Every structure is written in C-alpha cells, then in structure tokens.
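Notes follow once the structure below has been shown.
The values are calculated or read from the model by the stated rules, or taken from the named source; none is laboratory data. Being a predicted model, the structure only gives us computed values, none of them experimental. Cβ: placed from backbone, ideal geometry, glycine included. Neighbour counts: every protein chain shown. Please note that ligands, DNA and RNA were not included when accessible areas were found on the heavy atoms of the full protein model with its side chains. Shrake-Rupley method; radii C 1.70, N 1.55, O 1.52, S 1.80 Å.
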Amino acid sequence: MKSGLFVDSWGWIVLANGNEPSFPETSQLYQEETGRRSLVVTTDYVLDEVITFLYSRIPPDFSERFLQGLFSSIETGFVALEKINAE
C-alpha cells in the first residue's frame, strides 16, 4: 500500500510562511513524503480555510504565488483534492 500525507489548513499555512516556528520540520516532512512519491491529500474545505487565512495575514502577491503553485500541484495530480460532501 502506498503511504500518504494529509495536509490540513495549518500545514499549508506553515509551508506558505517560512517565518513560522515549525516551518523547518514541516517543510522537511513534506519534502521527504513527496520525495517518496507519497500521495499528498487535502480537501476543498482545507483550501477554503487556507485561502481565507493567507489573504488576511500575508501580502496578496505572495499569497497569490503560493496558491498558484498549490493549484498547479492539484491540476497535475501531485496533490489530490478531496471534495467534502454529505456522504
């Protein structure tokens, strides 16, 4: 079975901000897992929280670049996006 990594809101927020105290550990874990080609998963609810947080706390141009990279990773299948629904 292929291992995976679920990235929640705080994980993406930390990865977007190198000044976060836990950035080194979080970044290292993310790099290790992606280097192993582990499945990286997040949800549409997580993305909503991340977008709201980044645009309220980080300069818009930086937020835009980070989110473009994240959306590109989703489009290429590098990050799997799970949609939350009633089921």
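The mean accessible area for residues of the chain, using a 1.4 Å probe and ignoring ligands and nucleic acids, is 67 Å² per residue.
Accessible surface of D8, taken over heavy atoms with a 1.4 Å probe and every protein chain present, rounds to 70 Å².
For the chain, the relative contact order works out to 34 percent when only alpha carbon pairs closer than 8 Å and six or more residues apart are counted. Estimated at 0.36 nm per residue, the fully extended path between I58 and F78 surpasses their Cα-Cα distance by 4.7 nm. Counting only protein chain heavy atoms and rolling a 1.4 Å probe, the accessible areas of Y45, Y30, Y55 rank, largest first, as Y45, Y55, Y30.
Ignoring any ligand, DNA or RNA, what whole percent of the accessible area of the stretch 23-64 comes from carbon and sulfur when the probe is 1.4 angstrom? Answer for the stretch 23-64 is 56 percent, counting heavy atoms of protein chains only. Gain on full extension, evaluated as 0.36 nm per residue between S22 and R37 minus their Cα-Cα distance, stands at 3.1 nm.
With point charges of +1 on the Cβ of Lys and Arg and -1 on the Cβ of Asp and Glu, referenced to the Cα centre of the chain, which listed residue (A80, N19, G35) lies farthest in the positive direction of the dipole? Of the options given, the answer is G35. From the largest down, the chain spans 40, 34, 21 angstrom on the principal axes of its Cα atoms.
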